[in-house]
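Okay, so here's the structure we're looking at.
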Amino acid sequence: MKKTRVVVAVALLAAALLASAPGRGAVTRAADDWLPIDPAELSMKDYAPSPGAHAVLLYREVKFDDPGNLLSNYTRIKILTEDGKKYANIEVVYVKGASRVTDIKARTIRPDGSILKFDGQVFDKVAIKARGVKVQTKTFTLPDVQVGSIIEYRYHERWEFIPFMPNWDVQHELPTRKAKFWFKPYPTLALSWVTRLPAGARLEEQKSRALELNVENIAPFKEEPHMPPEEELKMRVNFFYFRQSPETPEKYWKDIAKEWHRYVMEEFIGKRGKVREEAQRILSPSDDAETKLRKIYARVQEMRNLSYERDKSEQEAKREKLKDLNNVEDVLKRGYGYRDHLTRLFVSLAQAAGFDAQVIFVSERDAQFFTDKLLTTQQLDGEVALVRVGAEERYFDPGTPHCPFGLMNWLRTGVQGLKTTKDGGVFITTVQPKSEDATIERKGTLELDEEGTLKGKVQVVFAGLEGLRRKLSALEVDDTGRRKNIEDEIKGWLPAGAKVTLDNIAGWTGHDVPLKVDFTLEAPGFGTPAGRRLLLPTDIFQYTEKHAFPHATREHPVYFRSPFREMDELTVQVPAGYKIENVPAAVNVKEAYGQLQVTRARDGNNLKVKRMLVVDGFYYPTNWYPSLRNFFSKVRAADEEQAVLQPGQ
């Protein structure tokens, strides 16, 4: 959802840009203006800087001409292995209605140097359709691509209105031999940028005010499990415009804070009589502070949240005729609003109830991390409520459906936020998430038969942020899709071949209830014979990410959504003809960032297992990786320990 403040800023920028924009620029190549073919590239068998690479980007050229509303892209790739042939499947992403892709040209250069021009069909597919935005792809496949071939393609993307300020992704998933980036900005606007580039690389400013970057031998971007957002790790350049250059970053953010405070806190929220009446209606004079906030939170949570609704067709949207929301009284009257509208209504109701409350503009950490050096308000893409209760300041996330009272969606925890006043503002950090805020608890009673098949009933409870994450995902699918997602997740905890039958699911909706799943489990071959004995794994639901850290070294930090906690309490009845001969010893591993506790005990002819895994942090720099990897190797080893069963008398 675009915030009102962003829409206003874009509208003002549009007027300035369109009024001053000259004719379309000329940065395109002629119809058959391909670069010459280098015989050394044609004979290349490997790429020394990245041994074993499946393909290499021989040359990449990206040109942005903002006055001309034009992007030109040229790509040349050498195919080195059979797996590298997948790069012959091309996808060009664009936003329908905002831009259009034209002038697609492509060709295959065979290993013998002969050329096959692409004249096949280009397909237009919908990739993402959400909240009024339709992301599409132009897809096509180059013909007769072999190991040793060179493929190249180019296209233009023309914006229908104001282009977005370019972000150069300098690093690609393939190693890059050479690349050129070029940008011609609007002449009437001030420009700045933030870079993450290899040593020695720098932007060069030309007489036309255009900026150019040339790089060589760029290593491929390496994806790793549980890493921070790519935007934080890749070599890149981010540009941003100003009407006039701010004196300092501090001055920029101070001016933004004053503007947002005036619009959100004074104009949109203000002091509204209807809101005061609503607060009086839902609250009782005998309510304490906690009860008041819970009632206000529940009132806002029950309202229709437009940000999380599946897209409607144009005809449905026209029939519904949703009206503009200009202040919190409009939101209250209509009974609906987008995410930030509902957060503002919560703040307004809290103020009417006598609380010191305000909106905090936060940077969500799912796509990038905030830096005050990047002077663009797009970084602050979320809003939460901050309420003072006595001497304590507490955060709330009423604009997220089903978010538990007193918690925030994980991506708004532990992030920079702008707290505004009429004279400016200050940056603060939102509350850090805790492991008890995201728990998975499993309890079950199971039986093992003489063939080694494990059967029984289990209940799993997803509480706090674990429940919220699954409830939000469920908003995007129907009931069949919800059940399938849960079933697939549970199967992922179990050995291959295990069968899961869902008996009941409760708590898909509601902020004050966890998500509970009851299911029947059948796992053939869970107990394995060893002579006359049976070996029984003592942990049924092994750590989901048991293969997450296979390598001894790591390039990127380790990054979880949030701290988390897993708790299991299981009883397994062994076959009548067997008795428990041996159970593994208890495990208690404690580190600064986590803990594992496991106990296994005989109880007559039953094996009782209790297990708790706690991870207390969510961001670990690379120098922590050896210790973190060692911890999870101990988790895996403990999960794999087995009890020994032998035939009884």
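The values are calculated or read from the model by the stated rules, or taken from the named source; none is laboratory data. Keep in mind the model is a prediction, meaning the values are calculated, not measured. When we count neighbours, we look across all protein chains shown, and the Cβ atoms used for this are built from the backbone with ideal geometry, even at glycine.
Cβ-Cβ below 6 Å, separation at least six or inter-chain, first residue in the stretch 376-402 and closer than 30 Å to Phe239 by Cα, second acidic (Asp, Glu) and at pLDDT 95 or above: which pairs?
Every condition considered, the pairs that remain are Asp381/Glu364; Gly382/Glu364; Glu383/Asp340; Val384/Asp397.
With the structure loaded, tell me whether Ser149 is of a type in the set (Ser, Thr, Tyr) and touching a strand residue (DSSP E or B) at 6+ places or on another chain (Cβ under 6 Å) or whether it fails that test. Write out each step before concluding.
Values: of a type in the set (Ser, Thr, Tyr): yes; touching a strand residue (DSSP E or B) at 6+ places or on another chain (Cβ under 6 Å): yes.
So Ser149 passes the test.
Please verify whether Lys138 is of a type in the set (Lys, Arg) and either touching a residue at least 24 places away in the same chain (Cβ under 8 Å) or not assigned by TED's automatic domain parsing to the domain that holds Ser208 (or both), treating the condition exactly as stated. It would help to see each step written out before you state the result.
Values: of a type in the set (Lys, Arg): yes; either touching a residue at least 24 places away in the same chain (Cβ under 8 Å) or not assigned by TED's automatic domain parsing to the domain that holds Ser208 (or both): yes.
Criteria met by Lys138.
Select from the stretch 190-221 the residues that are assigned to a loop (DSSP other than H, G, I, E, B), small (Gly, Ala, Ser) and surrounded by fewer than 17 Cβ atoms within 10 Å (Cβ to Cβ) and list them in ascending order.
Ala199, Gly200, Ala201, Ser208, Ala219
Going by the structure shown, is Glu224 farther than 21 Å from Asp340 by Cα and either assigned to a helix (DSSP H, G or I) or of a type in the set (D, E, K, R) (or both)?
yes
For the stretch 246-274, which positions are assigned to a helix (DSSP H, G or I) and of a type in the set (D, E, K, R)?
Scanning the stretch 246-274 gives Glu250, Lys251, Lys254, Asp255, Lys258, Glu259, Arg262, Glu266, Glu267, Lys274.
Looking at the stretch 227-245 only, could you name the residues that are hydrophobic (A, V, I, L, M, F, W, C) and outside any loop (DSSP other than H, G, I, E, B)?
Val237, Phe239, Phe240, Phe242
Would you confirm whether or not the stretch 543-561 contains a residue that is closer than 30 Å to Ala298 by Cα, in contact (Cβ under 8 Å) with a residue 24 or more places away in the chain and surrounded by 16 or more Cβ atoms within 10 Å (Cβ to Cβ)?
Taking every residue of the stretch 543-561 in turn, at least one turns out to be closer than 30 Å to Ala298 by Cα, in contact (Cβ under 8 Å) with a residue 24 or more places away in the chain and surrounded by 16 or more Cβ atoms within 10 Å (Cβ to Cβ).
Out of curiosity, is Glu447 surrounded by 20 or more Cβ atoms within 10 Å (Cβ to Cβ), touching a Gly at 6+ places or on another chain (Cβ under 8 Å) and part of a strand (DSSP E or B)?
Here the answer is no, as Glu447 does not meet what is asked.
Which of the residues belonging to the stretch 89-122 are among the β-branched types (Val, Ile, Thr) and free of Cβ contacts under 8 Å to residues at least 60 places away in the same chain? Reasoning before the result, please.
First, pick out the residues of the stretch 89-122 that are among the β-branched types (Val, Ile, Thr): 90, 92-93, 95, 101-102, 104, 108-109, 115, 122.
Once the filter is applied, which keeps residues that are among the β-branched types (Val, Ile, Thr) and free of Cβ contacts under 8 Å to residues at least 60 places away in the same chain, the stretch 89-122 yields Val93, Val95, Val101, Thr102, Ile104, Thr108, Ile115, Val122.
In the stretch 275-363, which helices (runs of 4 or more DSSP H) lie fully inside it and hold 2 or more residues that are modelled with pLDDT of 95 or more and not hydroxyl-bearing (Ser, Thr, Tyr)?
Hits in the stretch 275-363: 289-301, 328-334, 339-352.
Pairs only if they're at least six apart or on different chains, beta carbon under 7 angstrom, first in the stretch 465-486 and closer than 17 Å to Gly510 by Cα, second basic (Lys, Arg) and crowded, with 17+ Cβ neighbours inside 10 Å; list them, first residue then second.
Pairs that qualify, where the first residue is closer than 17 Å to Gly510 by Cα and the partner is basic (Lys, Arg) and crowded, with 17+ Cβ neighbours inside 10 Å, are Ala474/Arg482.
Which condition number in (1) in contact (Cβ under 8 Å) with a residue 24 or more places away in the chain; (2) among the small types (Gly, Ala, Ser); (3) in contact with a Ser or Thr (Cβ under 7 Å, 6 or more places away or on another chain) is the one that Ala586 fails?
It is condition (1) that Ala586 fails.
Would you be able to say whether some residue in the stretch 365-374 is out of contact with any Pro (no Cβ under 7 Å at 6 or more places or on another chain), modelled with pLDDT of 95 or more and of a type in the set (A, V, I, L, M)?
no
Conditions tested, residue by residue: (1) small (Gly, Ala, Ser); (2) touching a helix residue (DSSP H, G or I) at 6+ places or on another chain (Cβ under 9 Å).
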site	(1), (2)
Arg334	no, no
Asp340	no, yes
Thr343	no, yes
Glu393	no, no
Phe396	no, yes
Cys403	no, yes
Gly417	yes, no
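Name the residues in the stretch 99-154 that are among the small types (Gly, Ala, Ser), under 33 Å from the mean Cα position of the chain (by Cα) and surrounded by fewer than 16 Cβ atoms within 10 Å (Cβ to Cβ), would you?
Ala127, Ala130, Gly132
With respect to Gly84, is the statement that it is modelled with pLDDT under 95 and among the small types (Gly, Ala, Ser) true?
Working: modelled with pLDDT under 95: no; among the small types (Gly, Ala, Ser): yes.
Here the answer is no, as Gly84 does not meet what is asked.
Quick check on Trp182: is it closer than 20 Å to Tyr74 by Cα and either in contact with a helix residue (DSSP H, G or I) (Cβ under 8 Å, 6 or more places away or on another chain) or in the same structural domain as Lys63 (by TED's automatic domain parsing) (or both)?
The answer is yes for Trp182.
Could you check, for the stretch 489-498, whether at least one of its residues is more than 19 Å from Phe564 (Cα to Cα) and either exposed (fewer than 14 other Cβ atoms within 10 Å of the Cβ) or at pLDDT 95 or above (or both)? Steps first, please.
First, pick out the residues of the stretch 489-498 that are more than 19 Å from Phe564 (Cα to Cα): 491, 494-498.
Narrowing the set further to residues that are either exposed (fewer than 14 other Cβ atoms within 10 Å of the Cβ) or at pLDDT 95 or above (or both) leaves 496-497.
The answer is yes, given that some residue of the stretch 489-498 is more than 19 Å from Phe564 (Cα to Cα) and either exposed (fewer than 14 other Cβ atoms within 10 Å of the Cβ) or at pLDDT 95 or above (or both).
Taking the stretch 630-649 as the search range and keeping residues that are of a type in the set (D, E, K, R) and part of a loop (DSSP other than H, G, I, E, B), which one is modelled with the highest pLDDT? I'd like the intermediate steps shown before the answer.
Step one: of the stretch 630-649, the residues of a type in the set (D, E, K, R) are 634, 636, 639-641.
Those left that are additionally part of a loop (DSSP other than H, G, I, E, B): 640-641.
Values: Glu640: 90, Glu641: 93.
Top of the filtered list is Glu641.
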